[in-house]
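Here the structure is laid out as structure tokens; the discussion comes afterwards.
The values are calculated or read from the model by the stated rules, or taken from the named source; none is laboratory data. As the structure is a computational prediction, the values presented were derived from the model and not from experiment. Cβ coordinates were reconstructed from backbone atoms using ideal geometry, including for glycine residues, and neighbour counts include every protein chain displayed. We work out accessible area using only protein heavy atoms, side chains counted, and drop any ligands, DNA or RNA first. Shrake-Rupley method; radii C 1.70, N 1.55, O 1.52, S 1.80 Å.
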Amino acid sequence: MIPVRGYDGTTVAVLGLGRTGLTAARALRAGGAEVIAWDDGAQGRDAAAAEGFETRDLAKPGALDGVAALITSPGIPHLYPQPHPAIAAAWEAGVAVDNDIGLFFRSLGWEGAAPRVVAITGSNGKSTTSALLHHVLDQAGRQAHLAGNIGRGVLDLDRPGPDDVIVLELSSYQTELARSLTPDVAVFTNLSPDHLDRHGGFGGYFAAKRRLFAEGGPDRAVIGVDENEGRFLATQLQDAVGDDRIIRVSTAKLATPGWQVTARKGWLAEMRKGRQVASVDLRDIPGLPGRHNHQNACCAWAAARALGLAPREIEAGLRSYPGLPHRSQVVATRGGVTFVNDSKATNVDAAAQALAAFPRIRWIVGGLQKEGSFEALHPHYAHIAKAYVIGREAAAFAVALGQGIATEVCTDMASAVARAAAEAEPGDTVLLAPAAASFDQYDSFERRGEDFAAQVAALA
């Protein structure tokens, strides 16, 4: 555990007592703080009380008297659609609001030299980029830790040494509130609409991501520039820190003479000052299929280069990368048909990237529909032999997909997998890429992906 420093002898409140909140409470106590805690659910309060923490309804008048800070879990809204009552009470009382990511950066360097930190955010690909970079570092013999929105909670890590590297995946829920964000390397993969109700619209969503580059700022920035927001961010950082500290990433050829890593037609190329310094053929790497994974490879490559790794070390890591569960994960191949679990494709843009990766698809789609249309999927309908729609509102979801593809309403995963497998031909890919949240039928996208894999295994 990483003890949180700077609050010794003071009282700190923790709101939300799931994995993140309880870990923060323990780390604060280890650093010398007195902790009071609250969760809206009795289960969370009971778990905290069992560890000796005082529980107190933080929204009640006077509950925050004498409190130095309120630490909130990422799933609790602090502004939109409306602030949690305890956070509103903190504002009224003049109590600073922070989260575990802010506490982590606040505590770095209190006990000797700090490790190097790479923080990765974006709409799509941040989990794969984080896991891929961690794998590359591990294969190159570096002591690396994976934490944040993936792997372990960041404060739950063992105390890192000065030669260690911590790879953090950060969601917009984490970057929007952390009072300290000072990574050595910050990565912005891409941006597409998501979580708009939480951020008050697309502009607020981008602003939450952008804070990673503003609250203290990184020593080096890796910026995906395929969208306008990335191009804007790269230009703003160029003015602030100089072009030599920015690595631009794209799936198209770039005109800039600066440091860049691009992937075109399956080839990764690194350019510096107009000269190519490395290239890798990504097309035969099984753990990185499709253009979206080639962009992830570019981001991981750029971050690894910023940390001083040689091209040959990075290429070896890319080639041995096994892939992440629920993200373009091949779960079986039978009779020439490949079954791919991309349950993490919970929005339209992620599903579109998955559809673009395979030539002929039996598509399992559906779930709790998010805001927005399916228009971004239409260019990929030519790849789809048929869609098998799941979810409680499967019939309405099928209608929303439009007239461009054949659909069958299956409702549940077992029926969808059975029908897709029965109709698939050699060369087809049975792809789970739901383009929707899982919460109408599952408690997480992981559970949905596990069900898909179990139904595929049952076919045998």
Among residues of region 426-450 being open to solvent by 10 Å² or more (accessible area, probe 1.4 Å) and small (Gly, Ala, Ser), the residue modelled with the highest pLDDT is Gly427
Strands (runs of 3 or more DSSP E) within region 257-326 that include 2 or more residues modelled with pLDDT of 95 or more and under 29 Å from Asn347 (Cβ atoms): 260-264, 267-272
Answer residue from region 374-410, given it is part of a loop (DSSP other than H, G, I, E, B) and either in contact (Cβ under 8 Å) with a residue 12 or more places away in the chain or touching a Lys or Arg at 6+ places or on another chain (Cβ under 9 Å) (or both) and is most open to solvent (accessible area, probe 1.4 Å) among those: Arg392
Residues of region 169-203 being aliphatic (A, V, I, L, M), touching a Phe, Trp or Tyr at 6+ places or on another chain (Cβ under 8 Å) and under 13 Å from Asn149 (Cβ atoms), in sequence order, are Ala178
Can you confirm whether region 167-174 contains a residue that is hydrophobic (A, V, I, L, M, F, W, C) and within 16 Å of Gly216 (Cβ to Cβ)? yes
From Gln236, Gln174, residue being without any contact (Cβ under 8 Å) to a residue 24 or more places away in the chain and assigned to a helix (DSSP H, G or I): Gln236
If you take the residues of region 189-210 that are open to solvent by less than 50 Å² (accessible area, probe 1.4 Å) and among the basic types (Lys, Arg), which of them is nearest to Lys253 (Cα to Cα)? Lys209
With (1) out of contact with any Asp or Glu (no Cβ under 9 Å at 6 or more places or on another chain); (2) free of Cβ contacts under 8 Å to residues at least 40 places away in the same chain; (3) not hydroxyl-bearing (Ser, Thr, Tyr) as the list, and Arg319 as the residue in question, which single condition is left unmet? (1)
Counting just the residues of region 344-371 that are of a type in the set (Gly, Ala, Ser) and assigned to a helix (DSSP H, G or I), which one comes out modelled with the lowest pLDDT? Ala350
Could you tell me which of the residues Arg305, Arg312, Arg327 is open to solvent by 30 Å² or more (accessible area, probe 1.4 Å), out of contact with any Gly (no Cβ under 8 Å at 6 or more places or on another chain), free of Cβ contacts under 8 Å to residues at least 24 places away in the same chain and closer than 24 Å to Ala186 by Cα? Arg312
Within region 24-48, which residues are open to solvent by less than 20 Å² (accessible area, probe 1.4 Å) and under 17 Å from Asp8 (Cα atoms)? Ala24, Ala25, Ala27, Leu28, Gly31, Ala33, Val35, Ile36, Ala37
Give me a count of the residues in region 95-122 that are over 14 Å from Arg5 (Cβ atoms), small (Gly, Ala, Ser) and open to solvent by 10 Å² or more (accessible area, probe 1.4 Å). 2
On the given criteria, is Ala420 modelled with pLDDT of 95 or more, under 10 Å from Gly366 (Cβ atoms) and not acidic (Asp, Glu)? no
